[in-house]
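Peer 1: Below are the structure tokens for one structure; questions will follow.
The values are calculated or read from the model by the stated rules, or taken from the named source; none is laboratory data. This one's a predicted model, so the numbers in the text were calculated from it and none came from an experiment. FYI the Cβ positions are ideal-geometry reconstructions off the backbone, even for glycines, and counts take in every protein chain you see.
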Amino acid sequence: MKVAVVGTGYVGLVVGACFAETGNDVTCVDVDPAKIAGLRKNVIPIYEPGLGELVERNQRVGRLHFTTVLAEAVTGAEAVFIAVGTPPDEDGSADLRHVLGVARDLGPHLAPDAVVVTKSTVPVGTGARVREAVASTATVPFHVCSNPEFLKEGAAVEDSMRPDRVVVGADSARARDVMSELYAPFVRTGKPILFMDVPSAELTKYAANAMLATRITFMNEIANLCERVGANVDQVRRGIGSDARIGSSFLFPGPGYGGSCFPKDVQALERLAAAVDSPLRVVAAVHAANEHQKGRLFAIVRDALGGQLAGRRVAIWGLAFKAQTDDMRESPALVLIEALLGAGATVVAHDPAAMDEARRRLGTSVTFAPTAYDALEGADALVIVTDWNEYRHPNFDRMRAALARPVIVDGRNLYDPERMARTGFTYRSIGRPAA
């Protein structure tokens, strides 16, 4: 099948490469000439394990193409995926200008009965607006459907090739047939394609992200309570996660969620609900609690250093909002760094993948260390923000020798508190007794 993907951001590039991998003829289009020139040379603009190999292989065999010309991508395509950004507007609602602009531009180039697929995360009602925008310029019959993505950064290729489920909002047999054919190779193990109406598909994406954000935030709140009452969040987490009705996923406490999806989707859902006079009070509380949680690491490190941060040197391990990505959007590390610098501390940081992005965002206000151990030299404290694998089993003797003060604030609960005490560290974590 000939497929067009408009937008080569995180979602568009992964989706396009995975559709090509299953034998389709895929053309990805973007307005950024530099990005397209790089992709043609297999230069991947994001850090995502496995994606580079997928792009290189499918370009080499002629199934994956990149262009800046919309007509070149769309002409003759049976399915056209809109995968452009929907950044939060000033009030937190989703900004649909790019989605609707693309929809209008598609019209003159569509093949008869082409299926226009909204892949971007959009609020309920967008499908109708996309249909109207396409119809304003189209000269042939077409179909519209919603196909929200459920990709985890750091595991996007795996999630795309082996999805838990595929959600499709479609209101025509043609759209259902095209989407069934496209996704058949991905659901051979019996995972479902869930067909539903377009508004339900649009809401499913927001509801899923809000539920996951709620679990994270609930566990963070419980962790904070554990610290006050002398409980251990690790034991509490295991106790509740063993309940089959609850499960253990997304119950690990930390410095708050970040990234490109949860923060903006939670806010967009909150705004959508308020606009139709059906406020989601739980979702509003999740957003507020997460913003508060992002300040927890600063409070802990300030307390661990006796309340005095001016002139202190603080090392940070991890800048991306999660491991296996270079994405720093809404990262708790940014909140921590801003607070440390504001308190007069010097910050030296390391991240296995996000150093270039950090330099772009932070400039010379932070010193960037070539290795994790280099970041520790002469530091008064280490703060762990991101749970990269290389931080999980370090050489503690080497760490203690490098640090000016043996203070570790572990925002991901990577280490055993008793072992850290025996090794000679002052160790603070989230929701566990201090060591």
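Peer 1: Which of (1) closer than 23 Å to Y183 by Cα; (2) without any contact (Cβ under 8 Å) to a residue 40 or more places away in the chain does N42 not meet, given it meets every other one?
Peer 2: Among (1) closer than 23 Å to Y183 by Cα; (2) without any contact (Cβ under 8 Å) to a residue 40 or more places away in the chain, N42 violates only (1).
Peer 1: Within the stretch 205-247, which residues are outside any helix (DSSP H, G or I) and either under 30 Å from F195 (Cα atoms) or among the β-branched types (V, I, T) (or both)?
Peer 2: Hits for the stretch 205-247 are A244, R245, I246, G247.
Peer 1: Between a first residue in the stretch 329-350 that is under 12 Å from I316 (Cβ atoms) and a second residue that is aromatic (F, W, Y) and surrounded by 23 or more Cβ atoms within 10 Å (Cβ to Cβ), which pairs have beta carbons less than 6 Å apart while being 6 or more apart in sequence or on different chains?
Peer 2: These pairs meet every condition: S331/F321; L336/F298; A339/F298; H350/W317.
Peer 1: Can I ask one more? Please go through (1) over 17 Å from G85 (Cα atoms); (2) surrounded by fewer than 20 Cβ atoms within 10 Å (Cβ to Cβ); (3) not acidic (D, E) for K152 and return the number of the only condition it doesn't satisfy.
Peer 2: That leaves (1) as the condition not met.
Peer 1: Please go through the stretch 280-304 and give me each residue that is closer than 15 Å to L341 by Cα, in a loop (DSSP other than H, G, I, E, B) and in contact (Cβ under 8 Å) with a residue 60 or more places away in the chain, ordered by number.
Peer 2: none
Peer 1: Report yes if some residue within the stretch 289-296 is within 28 Å of I384 (Cα to Cα) and among the acidic types (D, E); otherwise report no.
Peer 2: yes
Peer 1: Still on this structure, I have one more. Specify the residue that is farthest from G9 (Cα to Cα); the eligible residues are those in the stretch 87-103 that are part of a loop (DSSP other than H, G, I, E, B) and in contact (Cβ under 8 Å) with a residue 60 or more places away in the chain.
Peer 2: D91
Peer 1: Within the stretch 81-99, how many residues are farther than 16 Å from V29 by Cα and modelled with pLDDT of 95 or more?
Peer 2: Of the residues in that region, 0 qualify.
Peer 1: Determine whether K191 is in contact with a helix residue (DSSP H, G or I) (Cβ under 9 Å, 6 or more places away or on another chain) and modelled with pLDDT under 95.
Peer 2: no
Peer 1: Just checking, which of R104, R97 is under 23 Å from I36 (Cβ atoms), crowded, with 16+ Cβ neighbours inside 10 Å and out of contact with any Gly (no Cβ under 6 Å at 6 or more places or on another chain)?
Peer 2: Of R104, R97, the one residue that is under 23 Å from I36 (Cβ atoms), crowded, with 16+ Cβ neighbours inside 10 Å and out of contact with any Gly (no Cβ under 6 Å at 6 or more places or on another chain) is R104.
Peer 1: Scan the stretch 374-392 for residues that are in contact with a helix residue (DSSP H, G or I) (Cβ under 7 Å, 6 or more places away or on another chain), over 14 Å from A404 (Cβ atoms) and assigned to a helix (DSSP H, G or I) and jot them down.
Peer 2: Residues satisfying the conditions are E390, Y391.
Peer 1: Another question, if that's okay. Quick one: is Q267 surrounded by fewer than 15 Cβ atoms within 10 Å (Cβ to Cβ), outside the structural domain of I300 (by TED's automatic domain parsing) and in a helix (DSSP H, G or I)?
Peer 2: Taking the combined requirement at face value, the residue does not satisfy it.
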